[in-house]
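Comments concern the structure below.
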């Protein structure tokens with residue numbers, strides 16, 4: 001099990017979610033340790049390759065998440081929120097996006113899918129330049145949000161294309177579960193944008209929309225006939241993490257570093273559980 005499950009009582013199956021003050025009482029070192037552990041858990045082995053179509057859908061979906069996670073990390077670094085953990089999340093996410101893009105381009109069949117990944121490669125190059133071209137700033141954050149949307153859109157398009165090639169109902173569930181990973185990071189990203197007053201009104205609207213989409217999709221995953229006992233247990237863990245995350249998101253973005261810290265940590269924890277759910281659906285889809 002991931003390290004977050006040993007640390008946070010709310011993630012134990014069937015346990016009673018702890019109130020938000022439990023999160024607030026965590027010291028900074030524990031927050032950083034927890035976030036770094038989640039970052040490491042999401043990094044696949046260095047020799048990983050696309051093994052089959054189900055794996056391709058999973059990795060294509062992970063690219064969506066990484067686009068939002070990198071933007072979140074950038075906004076955190078610019079506001080001095082969880083700097084060590086955010087820096088590591090950014091570095092690892094960039095490396096993983098690069099590697100998976102190479103794998104997906106090599107795997108993609110000729111035609112529309114391959115064309116999409118070639119276009120994504122171009123937009124990714126522009127996104128990287130914003131991420132690392134200069135120190136994070138509120139002015140650059142406006143460009144960042146515009147560019148991460150392009151990377152997200154093309155990553156999503158590739159995921160849907162691969163799902164359609166699968167032709168299996170479970171391919172859609174892999175896609176939905178994978179999109180939940182993205183939404184966990186998207187919500188945190190827009191919270192951090194609001195905290196920095198970067199297009200605050202639009203960011204609030206997008207955050208609220210992502211929250212609604214996340215809750216709706218959880219119902220789909222929970223009620224799917226294909227959900228195994230192992231998947232349902234992971235979804236129960238996700239429900240516990242969602243309690244923390246939703247409470248953290250309810251704090252005013254102007255509340256200060258403690259509120260932002262809680263959002264960062266809760267988003268990393270929820271991401272780790274949803275990554276596990278996606279992997280479980282992907283394995284069933286191979287059968």
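So the values come out like this:
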item	result
Qualifying residue in the range 96-112 (condition: within 25 Å of residue 207 (Cβ to Cβ), in contact with a helix residue (DSSP H, G or I) (Cβ under 8 Å, 6 or more places away or on another chain) and buried (at least 24 other Cβ atoms within 10 Å of the Cβ))	no
Out of 80, 68, 92, sole residue that is closer than 29 Å to residue 259 by Cβ, in contact (Cβ under 8 Å) with a residue 60 or more places away in the chain and surrounded by fewer than 24 Cβ atoms within 10 Å (Cβ to Cβ)	80
Elements of type helices (runs of 4 or more DSSP H) in the range 197-287, at least 1 residues being out of contact with any helix residue (DSSP H, G or I) (no Cβ under 8 Å at 6 or more places or on another chain), under 26 Å from residue 83 (Cα atoms) and in contact (Cβ under 8 Å) with a residue 12 or more places away in the chain	257-286
Count of the range 161-173 residues which are assigned to a helix (DSSP H, G or I) and either surrounded by fewer than 18 Cβ atoms within 10 Å (Cβ to Cβ) or out of contact with any helix residue (DSSP H, G or I) (no Cβ under 7 Å at 6 or more places or on another chain) (or both)	3
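Any read-out appearing in this document is the output of simple, stated calculations on the displayed coordinates, not a laboratory observation. This one's a predicted model, so the numbers in the text were calculated from it and none came from an experiment. Cβ coordinates were reconstructed from backbone atoms using ideal geometry, including for glycine residues, and neighbour counts include every protein chain displayed.
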